[in-house]
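S.K.: Supplied in C-alpha coordinates, the structure appears directly below.
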Amino acid sequence: MTRTLTCIAALSAALLMTHSAFAASTAAKACRTDIKTQCGEEAKKGGAVLKDCMKTHFSDLSEDCQVAIIRAAAVGKACKADAKKLCADVKPGKGTVGECMKSHAADLSDGCKEAIAKAGARK
(Lines give C-alpha, C1' and ligand atoms only; values in the text may rest on other atoms or scores of the structure.)
Protein backbone atom coordinates (compact mmCIF):
# COMPACT_ATOMS: atom_id res chain seq x y z
CA MET A 1 0.00 0.00 0.00
CA THR A 2 2.77 2.46 0.93
CA ARG A 3 4.62 1.70 -2.30
CA THR A 4 1.42 2.29 -4.31
CA LEU A 5 0.88 5.63 -2.59
CA THR A 6 4.51 6.58 -3.24
CA CYS A 7 4.15 5.71 -6.92
CA ILE A 8 0.91 7.67 -7.21
CA ALA A 9 2.50 10.61 -5.43
CA ALA A 10 5.57 10.44 -7.65
CA LEU A 11 3.36 10.56 -10.71
CA SER A 12 1.53 13.48 -9.17
CA ALA A 13 4.85 15.23 -8.74
CA ALA A 14 5.19 15.22 -12.52
CA LEU A 15 2.24 17.58 -12.64
CA LEU A 16 3.96 20.05 -10.36
CA MET A 17 4.41 23.41 -12.05
CA THR A 18 2.30 22.36 -15.02
CA HIS A 19 -1.17 23.77 -14.37
CA SER A 20 -1.12 24.18 -10.61
CA ALA A 21 -1.02 27.95 -10.78
CA PHE A 22 -2.09 28.64 -7.22
CA ALA A 23 -0.60 25.71 -5.34
CA ALA A 24 2.80 25.64 -7.04
CA SER A 25 4.08 28.55 -4.96
CA THR A 26 2.90 26.81 -1.79
CA ALA A 27 4.66 23.62 -2.88
CA ALA A 28 7.81 25.58 -3.70
CA LYS A 29 7.83 27.06 -0.19
CA ALA A 30 7.17 23.70 1.46
CA CYS A 31 9.87 22.07 -0.67
CA ARG A 32 12.54 24.77 -0.54
CA THR A 33 14.90 22.79 1.71
CA ASP A 34 14.18 19.51 -0.07
CA ILE A 35 14.87 21.08 -3.46
CA LYS A 36 18.17 22.44 -2.21
CA THR A 37 19.16 19.12 -0.62
CA GLN A 38 17.94 16.68 -3.28
CA CYS A 39 18.04 18.73 -6.49
CA GLY A 40 20.40 21.66 -5.93
CA GLU A 41 21.99 21.64 -9.39
CA GLU A 42 18.70 20.92 -11.15
CA ALA A 43 17.04 23.82 -9.30
CA LYS A 44 19.32 26.21 -11.15
CA LYS A 45 17.94 24.92 -14.45
CA GLY A 46 14.33 24.72 -13.28
CA GLY A 47 11.45 23.52 -15.44
CA ALA A 48 11.39 19.91 -16.62
CA VAL A 49 14.87 19.17 -15.24
CA LEU A 50 13.81 20.14 -11.72
CA LYS A 51 10.48 18.37 -12.08
CA ASP A 52 12.24 15.14 -13.12
CA CYS A 53 14.62 15.38 -10.17
CA MET A 54 11.77 15.93 -7.71
CA LYS A 55 9.94 12.95 -9.18
CA THR A 56 13.05 10.77 -8.91
CA HIS A 57 13.63 11.78 -5.27
CA PHE A 58 9.98 11.92 -4.22
CA SER A 59 10.33 9.24 -1.53
CA ASP A 60 13.30 11.16 -0.06
CA LEU A 61 11.34 14.40 0.32
CA SER A 62 9.89 15.58 3.61
CA GLU A 63 6.28 14.73 4.34
CA ASP A 64 5.30 18.42 4.11
CA CYS A 65 6.88 18.65 0.67
CA GLN A 66 5.21 15.45 -0.52
CA VAL A 67 1.81 16.66 0.68
CA ALA A 68 2.32 20.05 -0.98
CA ILE A 69 3.23 18.38 -4.27
CA ILE A 70 0.18 16.12 -4.15
CA ARG A 71 -2.06 19.10 -3.40
CA ALA A 72 -0.47 21.10 -6.20
CA ALA A 73 -1.11 18.22 -8.59
CA ALA A 74 -4.76 18.06 -7.47
CA VAL A 75 -5.16 21.77 -8.17
CA GLY A 76 -3.49 21.31 -11.54
CA LYS A 77 -5.92 18.57 -12.48
CA ALA A 78 -9.00 20.40 -11.17
CA CYS A 79 -8.05 23.72 -12.77
CA LYS A 80 -6.65 22.48 -16.08
CA ALA A 81 -9.82 23.23 -18.06
CA ASP A 82 -10.16 26.65 -16.40
CA ALA A 83 -6.57 27.54 -17.26
CA LYS A 84 -7.12 26.44 -20.85
CA LYS A 85 -10.36 28.41 -21.12
CA LEU A 86 -9.46 31.56 -19.21
CA CYS A 87 -5.75 31.86 -19.93
CA ALA A 88 -5.35 30.27 -23.36
CA ASP A 89 -3.50 33.32 -24.69
CA VAL A 90 -0.97 33.38 -21.84
CA LYS A 91 2.46 31.91 -22.46
CA PRO A 92 3.37 29.64 -19.51
CA GLY A 93 6.40 30.37 -17.38
CA LYS A 94 7.47 32.59 -14.49
CA GLY A 95 4.03 32.50 -12.89
CA THR A 96 2.16 34.01 -15.83
CA VAL A 97 -0.61 31.40 -15.81
CA GLY A 98 -0.93 31.78 -12.04
CA GLU A 99 -1.35 35.53 -12.35
CA CYS A 100 -3.91 35.04 -15.10
CA MET A 101 -5.85 32.55 -12.97
CA LYS A 102 -5.78 34.94 -10.01
CA SER A 103 -7.17 37.71 -12.20
CA HIS A 104 -10.04 35.38 -13.15
CA ALA A 105 -10.69 34.09 -9.61
CA ALA A 106 -14.40 34.96 -9.82
CA ASP A 107 -14.72 32.96 -13.07
CA LEU A 108 -13.14 29.72 -11.84
CA SER A 109 -15.20 26.54 -11.78
CA ASP A 110 -16.45 25.25 -8.45
CA GLY A 111 -14.14 22.22 -8.71
CA CYS A 112 -11.11 24.44 -9.24
CA LYS A 113 -12.08 26.73 -6.37
CA GLU A 114 -12.59 23.71 -4.08
CA ALA A 115 -9.20 22.24 -5.00
CA ILE A 116 -7.50 25.58 -4.35
CA ALA A 117 -9.21 25.84 -0.96
CA LYS A 118 -8.12 22.31 -0.04
CA ALA A 119 -4.57 22.96 -1.22
CA GLY A 120 -4.41 26.02 0.99
CA ALA A 121 -5.54 24.03 4.03
CA ARG A 122 -2.85 22.76 6.41
CA LYS A 123 -2.56 19.14 7.61
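The values are calculated or read from the model by the stated rules, or taken from the named source; none is laboratory data. A quick note: this is a predicted structure, and the numbers were derived from the prediction, not measured. Positions of Cβ are backbone-derived with ideal geometry, glycine not excepted, and every protein chain shown enters the neighbour counts.
S.K.: Scan region 39-53 for residues that are in contact with a helix residue (DSSP H, G or I) (Cβ under 6 Å, 6 or more places away or on another chain) and closer than 20 Å to residue 92 by Cα and jot them down.
M.R.: The answer is 42, 43, 49, 50.
S.K.: For region 54-75, enumerate the residues that are surrounded by fewer than 19 Cβ atoms within 10 Å (Cβ to Cβ), in contact with a helix residue (DSSP H, G or I) (Cβ under 9 Å, 6 or more places away or on another chain) and assigned to a helix (DSSP H, G or I).
M.R.: Across region 54-75, the qualifying residues are 55, 56, 59, 60, 64, 67.
S.K.: Might you let me know whether region 36-46 holds any residue that is buried (at least 18 other Cβ atoms within 10 Å of the Cβ), over 21 Å from residue 120 (Cα atoms) and not hydrophobic (A, V, I, L, M, F, W, C)?
M.R.: yes
S.K.: If you don't mind, another one. Assuming residue 11 fulfils every condition listed in (1) in contact with a Phe, Trp or Tyr (Cβ under 7 Å, 6 or more places away or on another chain); (2) modelled with pLDDT under 80 apart from one, which condition is it?
M.R.: With (1) in contact with a Phe, Trp or Tyr (Cβ under 7 Å, 6 or more places away or on another chain); (2) modelled with pLDDT under 80 applied to residue 11, the lone miss is (1).
S.K.: Follow-up question, since we're still on this one. Across region 93-112, which residue is nearest to residue 76 (Cα to Cα) among those that are crowded, with 16+ Cβ neighbours inside 10 Å and free of Cβ contacts under 8 Å to residues at least 40 places away in the same chain?
M.R.: 112
S.K.: Next question, about the same structure. Of the residues 91, 84, which is assigned to a loop (DSSP other than H, G, I, E, B) and charged (D, E, K, R)?
M.R.: Just one listed residue meets the conditions, 91.
S.K.: Restricting attention to region 94-110, which residues are part of a loop (DSSP other than H, G, I, E, B) and at pLDDT 90 or above?
M.R.: The answer is 104, 108, 109.
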